[in-house]
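The values are calculated or read from the model by the stated rules, or taken from the named source; none is laboratory data. A quick note: this is a predicted structure, and the numbers were derived from the prediction, not measured. Cβ coordinates were reconstructed from backbone atoms using ideal geometry, including for glycine residues, and neighbour counts include every protein chain displayed. These accessible areas exclude ligands, DNA and RNA; they are computed on the full protein's heavy atoms, side chains included. Shrake-Rupley method; radii C 1.70, N 1.55, O 1.52, S 1.80 Å.
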Amino acid sequence: MKGILIIVDGMADLPCKQLGDKTPLEAANMPNADFLAARGELGYMYPVKPGFIPESDEAIVSIFGNELISSTRGQLEARGTDIKLVRGDLAFRANFATIDSLKEGNILDRRVGRNLTTGEAEILAKALNKGIKLQNQFIFKPTVGHRGALIFKGGFSDNISGNDLVYVLGQTRITNKISPCKPLDEEENSQYTANVVNEFLEKAYEILNNHPINEERRRKGLLPANYLMIRGAGIEVPKLKLYRRWVSAAYMPLEIGFSRVSGMKTYSFNYPRLKKFDVYKNLWDGLRKACKFSEWVLKKNRKSADYAYIHIKETDLPGHDNKPFEKKEMLEYIDRTLFNFLRKFAPPNNIKVVITADHSTPCNKKSHSADPVPVLFYNGSIPKEKKFNENEARKGNLGRINGKELLAKVGFLK
Ligand code: ZN
Ligand code: ZN
């Protein structure tokens, strides 16, 4: 193995009042990241390009040297599940969400308060797959938490919008209204596709809104999962650059799908089930599993693979929830486990390490932002005191990087 790329999702942040105007990365005690930084270089990266607010898929697609236009989120998510897709199948990323009513169309929560249990999601998915009658075949597959993939079988157009206008390429829009899917061109098939998808969404609302699971949730004072928000329509396998000598340790459908489509040898594990509405307990279970699993993948492939891509997802969520302490603790945990392992694993094996993020998720914005992310490049150079954080990274010798240039810059394309 020559190199390891670690993407810590949404790791980068802005100064937080709760942390005495430090970022979680500045506040966190991370001796192992600092050890690696001291023996390498720091820099900062715009994962897609300056001014662009990336979704995770847009960032990883760019970091691996692809044009955004070559990929759709729906296809990547669907390819991260066990559903068999054929050419022409229309795939979306889907979220269970809460709206007030279909008539009013106000979005109350895009993720059902993020406490939909795995069991509930499975039961609701079954109700949708059984209960909705359409002319066309479809599959809704719940994945992790409120997430899922939605597939319509057969010759559709993918030139249609999703039903959540918050997701517009590279920007954030403030909208709390659902919007029917719209054709994005004049083709008859696009109009037809939008009609089918909208019919599906209306029927899904009827089934979900009245489902006993949601009545039970309302009784408990929880938000009902009464709607599906969908985005990222795609009908073709994304044409991405191939990384055949890479291995990947991935566990969210997006990253699994991306790794598979990129030709990497992809290892994944089943995410711990969310059982009792306790989201953060579930995230910590996931994080512990992910760090251990990543170590195992690295050890197992040390001789057989040239490069490894590791994606740690959990750190994005406290940013969305404005929980800087939780984020700091997660970063410290990753440092104690995975980075501590790297500190011992990389130097004797002459392996280079890059640690970075796919975007900033500043706690005080509760969303992704266009701010650059820090890049740590360990290359075994003579130690010079360095700290790994956003501020230091801005002054680093590696300088400013656009996502697409990262792998060439650190020599991971050889
Ligand atoms: Zn992300
Ligand atoms: Zn996020």
Report summary line: Counting only helices (runs of 4 or more DSSP H) wholly inside the range 173-289, the ones holding at least 1 residues that are more than 21 Å from LEU124 (Cβ to Cβ) are 188-209, 253-261
Query raised in the report: Just to be sure, is PHE325 closer than 19 Å to ASN389 by Cα, open to solvent by 10 Å² or more (accessible area, probe 1.4 Å), touching a helix residue (DSSP H, G or I) at 6+ places or on another chain (Cβ under 7 Å) and away from ligand 1 (no atom under 16 Å from the Cβ)?
Result: yes
Requested in this report: Please enumerate the residues belonging to the range 113-140 that are without any contact (Cβ under 8 Å) to a residue 60 or more places away in the chain, open to solvent by 40 Å² or more (accessible area, probe 1.4 Å) and outside any loop (DSSP other than H, G, I, E, B).
Outcome: GLU122, LYS126, ASN129, LYS130, ILE139
Requested in this report: Filter the range 4-22 down to the residues that are assigned to a strand (DSSP E or B) and more than 10 Å from ligand 1 (Cβ to nearest atom), then identify the one that is surrounded by the most Cβ atoms within 10 Å (Cβ to Cβ).
Outcome: ALA12
Requested in this report: For GLU104, state whether it is open to solvent by 40 Å² or more (accessible area, probe 1.4 Å) and part of a loop (DSSP other than H, G, I, E, B).
Outcome: yes
Report summary line: Okay, helices (runs of 4 or more DSSP H) sitting entirely in the range 312-414 with 2 or more residues that are over 26 Å from PHE52 (Cα atoms) and modelled with pLDDT of 95 or more, I get 324-334, 340-345
Query raised in the report: Out of ARG93, ARG79, which single residue is within 16 Å of ligand 2 (Cβ to nearest atom) and either within 28 Å of GLY113 (Cβ to Cβ) or modelled with pLDDT of 95 or more (or both)?
Result: ARG93
Report task. Could you give me the residue pairs with C-beta distances under 8 Å whose first residue belongs to the range 316-333 and is within 13 Å of GLU26 (Cα to Cα) and within 10 Å of ligand 2 (Cβ to nearest atom), whose second residue is aromatic (Phe, Trp, Tyr) and not in a loop (DSSP other than H, G, I, E, B) wherever it lies, and which are 6+ apart or on separate chains? Result -> none
Report task. Determine whether PHE293 is open to solvent by 10 Å² or more (accessible area, probe 1.4 Å) and in a loop (DSSP other than H, G, I, E, B). Result -> no
Query - Counted residues, the range 330-372 - those being surrounded by fewer than 19 Cβ atoms within 10 Å (Cβ to Cβ) and of a type in the set (A, V, I, L, M, F, W, C) - result: 3
Query raised in the report: Based on what the data block shows, is PHE377 away from ligand 2 (no atom under 16 Å from the Cβ) and within 25 Å of the chain's Cα centre (by Cα)?
Result: yes
Query raised in the report: Can you tell me which residues in the range 344-371 are away from ligand 1 (no atom under 16 Å from the Cβ), out of contact with any Gly (no Cβ under 8 Å at 6 or more places or on another chain) and of a type in the set (D, E, K, R)?
Result: LYS344
Requested in this report: Within the range 34-57, identify whether any single residue is aromatic (Phe, Trp, Tyr) and within 16 Å of ligand 2 (Cβ to nearest atom), and answer yes or no.
Outcome: yes
Query raised in the report: What single numbered condition from (1) more than 16 Å from ligand 2 (Cβ to nearest atom); (2) among the basic types (Lys, Arg); (3) under 16 Å from VAL8 (Cβ atoms) fails to hold for LYS299?
Result: (3)
Requested in this report: Pull up the range 38-51, narrow it to residues that are open to solvent by less than 20 Å² (accessible area, probe 1.4 Å) and more than 12 Å from ILE401 (Cα to Cα), then point me to the one that is nearest to ligand 1 (Cβ to nearest atom).
Outcome: GLY40
Report task. Among the residues of the range 24-72, write down those that are under 21 Å from LEU342 (Cβ atoms), hydrophobic (A, V, I, L, M, F, W, C) and not in a loop (DSSP other than H, G, I, E, B). Result -> LEU25, ALA33, PHE35, LEU36, ALA37, ALA38, LEU42, MET45, ILE60, ILE63
Query - So ILE69, is it more than 17 Å from ALA250 (Cα to Cα), of a type in the set (A, V, I, L, M), surrounded by fewer than 23 Cβ atoms within 10 Å (Cβ to Cβ) and more than 16 Å from ligand 1 (Cβ to nearest atom) - result: yes
